[in-house]
Amino acid sequence: MTESVRAELEKYLESLNIVTNCVEHPPVFTVEEMMPYLQEVNGAITKNLFLKDKKKKSLWLVSVRHDRQVNLNDLSKKLNSGSCNLRFADEAIMLEKLKVGQGCATALALLFDKDQSVRLVLDQDLVQGGHDHVYFHPMTNCRHYGAPPRRSDALPERDGP
């Protein structure tokens, strides 16, 4: 992530008057690596999956609580993806569409999906689960931003499922 991308995200959040809690930590690439640094936070911590269908026609960013198991076959059926064959998208596609690489997928990166080709799938528990804050990577895997779930307006609008 470049400094200009981070600056653009921070400017966007400021424009919405969203104040975040920031937790800095060493770079992490998995939920298991991340959790020791976030044990003291009060709220839901997300994991994010950047997915494509078998025919590479559709892209999804799935944001769920860090402790949720995601069965890609079941999710594919719920999304009516047709092929019932979701898989992880290549890092090159994530860099092109969201301006982030492996280990940095985040719903906040939808700000950079200018053609709105990535559909957001947001775990309803993140918004309706009574959490004080919901924590996402802010375009880097060495920090997390937490914001009240009622400020889900921080996520760029999508008309996905």
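Counting only aspartates and glutamates at least 8 places from LYS77 when in the same chain, those with an alpha carbon closer than 15 Å to its own are ASP53. Dividing the summed helix terms, -39500 (n - 2.57) for each DSSP H run of n ≥ 4, by the number of residues in the chain produces a 222 nm estimate of -6000 deg cm²/dmol to the nearest 500. Summarising the label geometry, the points placed 7 Å from Cα in the beta-carbon direction at HIS25 and ALA92 lie 3.2 nm from one another. Only the Cβ atoms of Lys and Arg (+1) and of Asp and Glu (-1) were treated as charged; on that basis the dipole of the chain about its Cα centre amounts to roughly 700 debye. Projected onto the charge dipole of the chain (+1 at Lys/Arg Cβ, -1 at Asp/Glu Cβ, origin at the Cα centre), which of ASN17, TYR37, TRP60 gives the Cα projection farthest towards the positive end? Most positive-ward Cα: TRP60. Find which of ALA147, GLN124, ALA7 sits farthest along the positive direction of the dipole of the stretch 2-147, computed with +1 on the beta-carbon of Lys and Arg, -1 on that of Asp and Glu, about the Cα centre. Value computed over the given set: GLN124.
For LYS97, the aspartates and glutamates whose Cα comes closer than 15 Å to its Cα, not counting residues fewer than 8 places off in the same chain, are ASP113, ASP115. If the segment from SER4 to ASP125 were pulled out straight at 0.36 nm per residue, it would be longer than the present Cα-Cα gap by 40.4 nm. Here's the list of lysines a cross-link from LYS78 could span, going by alpha-carbon distance under 16 Å and ignoring same-chain residues fewer than 8 apart: LYS52, LYS54. Of the options (i) 147, 9, 8; (ii) 62, 16, 12; (iii) 23, 18, 16, only one is semi-axes √(5λ) of the Cα gyration tensor in Å as computed from these coordinates, and that is (iii).
Any read-out appearing in this document is the output of simple, stated calculations on the displayed coordinates, not a laboratory observation. On a predicted model such as this, the values are computed, not experimentally measured, just so you know. Using ideal geometry, Cβ is built from the backbone for each residue, glycine included, and neighbour counts are taken over all protein chains shown.
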